[in-house]
1. Please work out if Phe51 is over 8 Å from the mean Cα position of the chain (by Cα) and modelled with pLDDT of 80 or more.
2. Can you name the residue in segment 19-39 that is over 28 Å from Thr9 (Cα atoms), among the small types (Gly, Ala, Ser) and part of a helix (DSSP H, G or I) and is also modelled with the lowest pLDDT among such residues?
3. Looking at Thr42, is it within 17 Å of the chain's Cα centre (by Cα) and at pLDDT below 90?
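The values are calculated or read from the model by the stated rules, or taken from the named source; none is laboratory data. Quantities reported herein were computed from a predicted structural model and do not represent experimental measurements.
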Amino acid sequence: MAFDRRNLTQTIWGVLLIAMGVLLCVKEPYALRLLPGSGFLTFARYFVGVFLIVGGAKKLYRLYFS
């Protein structure tokens, strides 16, 4: 298999999506700790984080297993 720059770029993009999603979910309790009653903001941050993780995993799955 020859070196394909597009596959490398897509792999890096997928890994970055997963990393940003994980960081958003892990950092969330520390970022919103001081805001009382921020239920919607907490939900929104977790939703975006999970959305990023699933999107990155889907990209890597389609790239290497399809």
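1. On the way: over 8 Å from the mean Cα position of the chain (by Cα): no; modelled with pLDDT of 80 or more: yes.
Criteria not met by Phe51.
2. Step by step, filter segment 19-39, then rank; the result is Ala31.
3. Details: within 17 Å of the chain's Cα centre (by Cα): yes; at pLDDT below 90: yes.
In short, yes.
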